[in-house]
Amino acid sequence: MSRISRAKFELTKMGMVLAWAMIVGSGRSGWAEEPNAPGVTLPRIGYVDSPFLPNSRWRVHDLYRPRPSIVHVAPSPAPASPPSDAVVLFDGKDLSQWMKRVDDPQSLQPAGWEVKDGAIVVVGGSGDIQSIATFADCQLHVEWSAPTPPEGGSQGRGNSGVYLMGHYEIQILDSHENTSYADGQAGAVYGQYPPLVNVTRPPGEWNSFDIVFEAPRFSGARLERPAYVTVFQNGVLVQYHREIMGVAAHKHTTEYKPHAPAGPVLLQDHGNPTRFRNIWVRPLNLAQSADQ
Ligand code: MG
């Protein structure tokens, strides 16, 4: 985006703010509320003071970035069995494939979440958990369910996340009749790309993510090739071959930090008792696939 077009865009936004002030001043709610579901209007939430994303008209978590439109799907079917070549990280039984997020390699600790009724449940305050196995390019399947009854709002409601290689977050949020900034909704590459649509089922129901991830390539400290991600939520495309900008960040632009060629699947403790089931990974080598 050129400086001139960005300046024009900023002027347009200033005009919108002025119009909003006039509408509110005249006693009407106006555009400051947005439709979320038929008959439901919710206040806008987002930032106007965060930095601009690179090559974008939008700021990180931009108040004005359009919210994804809503797509409805039927309730989740029973979980399907993993493919025969999958590494199963959770099959409803135990946390043997998981540990607490590694902050200190000299002090590994067990995962502090619970298993209840065949699902992993986040125990708020116990910390993120990560898979013991590590992966690079992969296909990842994970199912999640937002807490019910829902509590809190925006990013405080049903927030968790799936971090590929422990760094790149696909957001989990109760985005059903819950407004928040576009790049923080369920299925977002957090802080970078909103999902193409909002296809989040109501809290208590199960959502699925099917993720195709191409790991970044580093040559020493230098990034040779960024990561790419494609995501289906509940069978609906929400991210298509997005070039990931860097590690997940809140209210800041981001960059890559060199890391090992393989990393864990990490699940986020954001304080909400999100549930998980049926987690499996198919390791891939996407760099070679074009030559086969
Ligand atoms: Mg999150």
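The values are calculated or read from the model by the stated rules, or taken from the named source; none is laboratory data. Here the structure is a predicted model, which means the values were calculated and not measured. Positions of Cβ are generated from backbone atoms using ideal geometry, with glycine treated the same way; all protein chains shown enter the neighbour counts.
Criterion applied to Ala146, Ala215, Ala186 was being within 14 Å of the ligand (Cβ to nearest atom), touching a residue at least 24 places away in the same chain (Cβ under 8 Å), in contact with an Asp or Glu (Cβ under 6 Å, 6 or more places away or on another chain) and not charged (D, E, K, R), and the one residue passing it is Ala146.
Rundown of residues vs (1) within 22 Å of Ser76 (Cβ to Cβ); (2) surrounded by fewer than 21 Cβ atoms within 10 Å (Cβ to Cβ), yes/no style:
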position: Glu143; (1), (2): yes, yes
position: Pro147; (1), (2): yes, yes
position: Ser160; (1), (2): yes, no
position: Tyr163; (1), (2): no, no
position: Gln171; (1), (2): yes, no
position: Ala186; (1), (2): yes, no
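From (1) closer than 30 Å to Ala78 by Cβ; (2) buried (at least 18 other Cβ atoms within 10 Å of the Cβ), pick out the condition that doesn't hold for Pro216. In the conditions (1) closer than 30 Å to Ala78 by Cβ; (2) buried (at least 18 other Cβ atoms within 10 Å of the Cβ), Pro216 misses (1) alone. Listed here are the strands (runs of 3 or more DSSP E) enclosed by segment 48-127 that have at least 1 residues being hydrophobic (A, V, I, L, M, F, W, C) and without any contact (Cβ under 8 Å) to a residue 40 or more places away in the chain: 98-100, 114-116. Residues that are under 14 Å from His250 (Cα atoms), near the ligand (Cβ under 10 Å from one of its atoms) and either of a type in the set (A, V, I, L, M) or assigned to a loop (DSSP other than H, G, I, E, B) (or both) within segment 159-170 comprise Asn159, Ile170, listed in sequence order. For segment 177-194, which residues satisfy the criterion of being hydrophobic (A, V, I, L, M, F, W, C) and more than 8 Å from the chain's Cα centre (by Cα)? Once the filter is applied, which keeps residues that are hydrophobic (A, V, I, L, M, F, W, C) and more than 8 Å from the chain's Cα centre (by Cα), segment 177-194 yields only Ala182.
Of the strands (runs of 3 or more DSSP E) entirely within segment 207-292, those holding at least 1 residues that are aromatic (Phe, Trp, Tyr) occupy 207-214, 217-219, 228-233, 236-243, 275-283. Taking the criterion of being part of a loop (DSSP other than H, G, I, E, B) and at pLDDT 95 or above, the residues of segment 171-180 that qualify are Leu173, Asp174, Ser175, His176.
Residue by residue, here is whether (1) modelled with pLDDT of 95 or more; (2) surrounded by fewer than 22 Cβ atoms within 10 Å (Cβ to Cβ); (3) among the basic types (Lys, Arg) holds:
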site	(1), (2), (3)
Asp183	yes, no, no
Val212	yes, yes, no
Gly220	no, yes, no
Pro226	yes, yes, no
Gly246	yes, yes, no
Asp291	no, yes, no
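Among the criteria (1) within 14 Å of the ligand (Cβ to nearest atom); (2) crowded, with 22+ Cβ neighbours inside 10 Å; (3) small (Gly, Ala, Ser), the one Gly156 does not fulfil is (2).
Being away from the ligand (no atom under 16 Å from the Cβ) and either under 18 Å from Ile244 (Cβ atoms) or part of a loop (DSSP other than H, G, I, E, B) (or both) is true of Gln139. Of all residues being closer than 13 Å to Ile170 by Cα and hydrophobic (A, V, I, L, M, F, W, C) in segment 228-244, which is farthest from the ligand (Cβ to nearest atom)? Just the residue, please. Here the residue is Phe232. Tally the residues that are over 24 Å from Asp49 (Cα atoms), without any contact (Cβ under 8 Å) to a residue 60 or more places away in the chain and within 16 Å of the ligand (Cβ to nearest atom), restricting the search to segment 189-203. Qualifying residue count, segment 189-203: 2.
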